[in-house]
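Enquirer: I have a structure here, written as structure tokens, and I will follow up with some questions on it.
The values are calculated or read from the model by the stated rules, or taken from the named source; none is laboratory data. In this text, all values refer to a predicted model and were calculated from it rather than measured experimentally. Here Cβ is always computed from backbone atoms with ideal geometry, including for glycine, and neighbour counts include all displayed protein chains. Ligands, DNA and RNA are excluded from the accessible area calculation, which covers all protein heavy atoms including side chains. Shrake-Rupley method; radii C 1.70, N 1.55, O 1.52, S 1.80 Å.
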Amino acid sequence: MTGTLTASQRYLDSFPAPVDEFAIEGLDVLDVPLHSAVLTPSPAHPGGSGLGYGATREEARTGALGEMAEMALSLRAHQGVQREQGSYAEMTRRHGRDRVADPRTLCLEAGSAHDDDRPLQWLPMTRQRDGETVLVPAELVASAPDDLPGDPPPGGWLTTVVTNGQGAAFDADRAVAHALLEVLQRDGNATSFRAMDRGVVVDLAGLRDPDALSLLDRLDAAGIDVVVKLAATEFGVVDLYAVGCSRDLSEPVPVMATACGEAAHPDRDTAVRKALHEFASARSRKAFMHGPFDVVLPATPPGYLDHWRGGHPPERLVEEDRALEAMLAWTRMGTAALVDLLQDTVLSRRSTVALTDLPAWSGSGDGGDLPATVLGAVQAAGHDVLVELQPSVGDAVAAKVLVPGLEVETMSYGRIGERGVRRLIEHDEGLAVVGADPGGWARVHLTPGAEERLGGPAWFDRAGADRRVGALYALYREPGRHTVAEVLAR
């Protein structure tokens, strides 16, 4: 029976009604498919929301419902779950060192208060290589603050919860593969794009994907310049991002000029296709998320904004006031000034790499062996892959994936480990050193083995990183849907 159903219908059938969904149209001269899906919270389900994009309306709708599924199933999976209490030292005595993830391998915030005796809360994940249960600090398993109901441990959470490592599909292997690709994508670009952009442009000669080629033609005809840039090719995965803006700076909402599409895939053409489509839709997404109500209203169905404003308090954490202030500053700058702000980083062009020199893959864009290919590459490099599966009542299943040793959120939250230290030193960024504290820098949380490999303790210049990010902070963290519009409407 499921063979006759569209992917979007299979997602819908996995959740209780109502799911409010609609196509977002008319926000950009390039009206590429963008879709919104919101599962209303109810006693039957805690709810969730998603935005999706793609080459077709069905692809965009499926993407929105898949993202909604990631959020909703994560929320549901953690409701009423008992979290085990104890420090890392206590947990290893209780369960054995092999069954407890060392927080120092999980990219903690440099300089934060952590030691083996700090009280923590723990949740189980499954280690893919042997199927064994491994306990992990709860804030690293969660993907949203609401995933952690109840009180935090006495010293607070180790770090801010982020959505990294989520995937959804109709079987566990595909969900894990999608989540793992997101982990690799964010590890690969943690210190190489946005404020840290190295300006490595991909020459797209030899691109063969028809959807990508068609979209490039549409972007050019619409007067929008786009450049695809390379972040990394580790693990045999092509980690790309696409950025750009209109040639005449005619974006109706300035923040559209900061649109970015990210992708990580073993196949270079597939990665380019995804990055370009996400870039094109991100123009409308940013206008929808952060534009004033008079811009958003015509692109939404009757009653949507009234319902949203009445039923959804501003979606932001207190810690993210910095993101809101940065986005408000962009709104007041105007497009030309904002583009000028991006010239030396996001829009920079310092070197070129040929697309045809990047990894290719014999499987199709979503081939049957994608899960084995990606998982195998990460495990072959010596990394464990930890998974929490989050099933629905239907076909949909979500996955949360954590890979000890991989990096995320270095420039926003100061999260850094051995790989991040190596990369910053290798590229002579002036933000990390090994040896003696230069004075006032934050010590990086590392295992004794990592410090031995690096040659001593490592230090990260958090104040220097904040200066480097500066006015570009909203490239890293964005305020929630319509929060900017609410502030502007006051």
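Enquirer: Report the net charge of residues surrounding GLY80, where surrounding means a beta-carbon distance below 14 angstrom and charges are Lys +1, Arg +1, Asp -1, Glu -1.
Expert: Net charge around GLY80: 0.
Enquirer: Taking the Cα centre of region 182-363 as origin and charging only Cβ (+1 Lys, Arg; -1 Asp, Glu), how large is the dipole, in debye to the nearest 20?
Expert: Using Cβ point charges on Lys, Arg, Asp and Glu, region 182-363 gives about 160 debye.
Enquirer: Sticking with this one: Where the only charges are on Cβ atoms (+1 Lys, Arg; -1 Asp, Glu), what is the dipole of the chain about its Cα centre, to the nearest 20 debye?
Expert: That gives the chain a dipole magnitude of about 360 debye.
Enquirer: With the Cα gyration tensor of region 182-363 giving a ≥ b ≥ c as the square roots of its eigenvalues, does the rule (a/c under 1.5 for rounded; else a/b larger than b/c for prolate; else oblate) give rounded, prolate or oblate?
Expert: Prolate, because a/c is 1.5 or more and a/b exceeds b/c.
Enquirer: What is the diffusion coefficient of the chain in µm²/s, taking the Kirkwood radius over Cα pairs and the Stokes-Einstein relation at 25 °C with a viscosity of 0.890 mPa s?
Expert: 106 µm²/s
Enquirer: Something else: Between VAL29 and ALA372, how high is the FRET efficiency from 1/(1 + (r/R0)^6) when r is the Cβ-Cβ distance and R₀ = 51 Å? Nearest 0.05.
Expert: 0.75
Enquirer: Report ARG415's accessible area, 1.4 Å probe, all protein chains in place, as a number in Å² to the nearest 10.
Expert: Surface open to solvent at ARG415 totals about 10 Å².
Enquirer: Given the rule -39500 (n - 2.57) for each run of at least 4 DSSP H residues, summed and divided by the residues of the chain, what is its mean residue ellipticity at 222 nm, to the nearest 500 deg cm²/dmol?
Expert: -10000 deg cm²/dmol
Enquirer: Now a separate question. Would you work out if region 1-147 is rounded, prolate or oblate? Take a ≥ b ≥ c from the square roots of the eigenvalues of the alpha-carbon gyration tensor; rounded if a/c is under 1.5, else prolate when a/b is larger than b/c, oblate otherwise.
Expert: prolate
Enquirer: Rank-order 137-147, 245-255, 349-359 by packing density, defined as the average count of other C-beta atoms within 10 Å over each peptide's residues, highest first.
Expert: Sorting 137-147, 245-255, 349-359 by mean packing, highest first, produces 137-147, 245-255, 349-359.
Enquirer: Taking the dipole about the Cα centre of the chain, with the C-beta of Lys and Arg at +1 and of Asp and Glu at -1, give me whichever of LEU386, ALA205, ALA465 is farthest to the positive side.
Expert: Most positive-ward Cα: ALA465.
Enquirer: With the other protein chains left in place, how much accessible area per residue, in square angstrom, belongs to region 182-363 at a 1.4 angstrom probe?
Expert: I get 40 Å² per residue for this part.
Enquirer: Quick one: if you stick a label point 7 Å off each Cα along the C-beta vector at ASP225 and THR352, how many nm between them?
Expert: 1.5 nm
Enquirer: Along the positive direction of the dipole of the chain (beta-carbon charges: Lys, Arg +1; Asp, Glu -1; about the Cα centre), which of PRO404, THR133, ALA432 reaches farthest?
Expert: Selected residue: ALA432.
Enquirer: Using per-residue counts of other Cβ atoms within 10 Å, averaged over each peptide, order 125-132, 59-66 from highest down.
Expert: Ranked from most to least packed, the peptides come out as 59-66, 125-132.
Enquirer: So, one more: Which of LEU342, ALA190, LEU324 sits farthest toward the positive end of the charge dipole of region 182-363, with +1 on the Cβ of Lys and Arg and -1 on the Cβ of Asp and Glu?
Expert: Result: LEU342.
Enquirer: Moving to a separate point now. Give me the accessible area of ILE416, 1.4 Å probe, in Å² rounded to the nearest 10.
Expert: My reading of the accessible area for ILE416 is about 0 Å².
Enquirer: How big is the antiparallel share of DSSP beta bridges in the chain, given as a percent to the nearest 5?
Expert: Within the chain, antiparallel bridges account for around 90 percent of the total.
Enquirer: For region 190-246, give the magnitude of the charge dipole about the Cα centre (Cβ charges: +1 Lys/Arg, -1 Asp/Glu; no others), in debye to the nearest 20.
Expert: Computed charge dipole of region 190-246: roughly 140 debye.
Enquirer: How much of ARG419 can a 1.4 Å solvent probe reach, expressed as accessible area in Å² and rounded to 10?
Expert: Accessible area of ARG419: about 40 Å².
Enquirer: A further question follows. Can you pull out the GluC sites (Glu not before Pro) in region 398-490 that DSSP calls coil and that have at most 10 other Cβ atoms within 10 Å?
Expert: Answer in residue order: no site qualifies.
Enquirer: Calculate, for THR126 and HIS427, the FRET efficiency according to 1/(1 + (r/R0)^6) with r their C-beta to C-beta distance and R0 41 Å; round to the nearest 0.05.
Expert: Once the sixth-power term is evaluated, E becomes 0.70.
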